[in-house]
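Each value in this text was obtained by applying a stated rule to the coordinates, not by laboratory testing. Being a predicted model, the structure only gives us computed values, none of them experimental. Methodologically, a virtual Cβ is constructed for each residue, glycine included, from the backbone with ideal geometry; neighbour enumeration extends over all protein chains shown.
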Amino acid sequence: MDKTLKTSLFQIPGDAPRALSNMDWHANPLGPPDTWSTALRVAVQMMLASHFPKALVWGPEMITLHNDAFAPILGKKQCAQGRSFRDIWAEAWDDIGDIAARALGGEATFIENFPLTINRNGYDEYCHFTFCYSPVFDETGQVSGFIDTVIETTQTVHALTAMQALNDELAHRMRNTFAIVTAIARQSVLNASDTDSAWAALSARMGALAEAQKSLGTTSHRAADIRDVILSALKVHMADNSAVVLEGPSILLPERQSMAMALAINELATNALKHGALAQGGAIRIEWRHKGTEFDMEWSETVPHANGLGKRRGFGITLLDSIVPADFDGTGTLDHADGLLTYRLAGHLPG
């Protein structure tokens, strides 16, 4: 081979031009570079000079030559220089073979985020690529090969998928929260004796829901630990929870049960602050346990002068007796006697 021609053809610095220059082309279907057509030489030089990942595929055997930027696409595959494009991507040929055939037939194809399962690192990977197969014409006007210009978009697709999942998650939470807020706002107003008490009750309940949402927002499964839910609901009413003893195992409550628990604790804490333990220097103990899907939570507070919470029939009592237990598929029981007020929630967790 003419050394001057070889030097000028592969003069671009880099690993790919060096590998092409050192190859024994005599045994390759393309033959020595000094026998290559002008169209092939120009295409090779343009491909090697590009900083965009490119592979030139030439002739009926689809012999491949690629630049340095294409190497990451190949991963740990054996050297692709001078090999058949079909062999290099044998595992994906059912998906890209027809596109390659159309390129050799003179039809360019551009595809964004095309899904492919490839094996470039010793294991199958589900990847995405944006690429264009562009026909390359020789001096006679015939298609002799095509250029594969490609960029991997796997991480971009994953990010878009995650963003869509997040948007769906936010929409789901907003719908649920709106339904709960609407019901609570309506009942708080209807059951209030005046505007100020309605606003106070509504503000406290909305605060409890907001804190519950914060707990849910720290997880990826729309669930929150029961201890976090309880502490968040209590925080709305007291800066110091030293008067409250919590005891129970870690339990993840799904979104609806987290909201229900926050509302229950809010109602109980509101009463404790107005009339019960927190107003009279008493103590509060909250215990919970579960066995399989069976769940039990008990709020108990010492109230020396209990004023009859269980005898009132406001929305707060309805919430504790009916609404919260419904989300646990269970029952709620409120009782007070001998200076002790208790609320027991018995129900079920998701299986």
### Message
What distance in nm separates the two pseudo spin-label positions at Ser84 and Asn22, each 7 Å out from Cα along the beta-carbon direction?
### Response
2.6 nm
#### Entry: region 1-91 - Debye-derived log10 I(q)/I(0), Cα point model, q = 0.12, 0.14, 0.26 Å⁻¹
-0.32, -0.45, -1.66
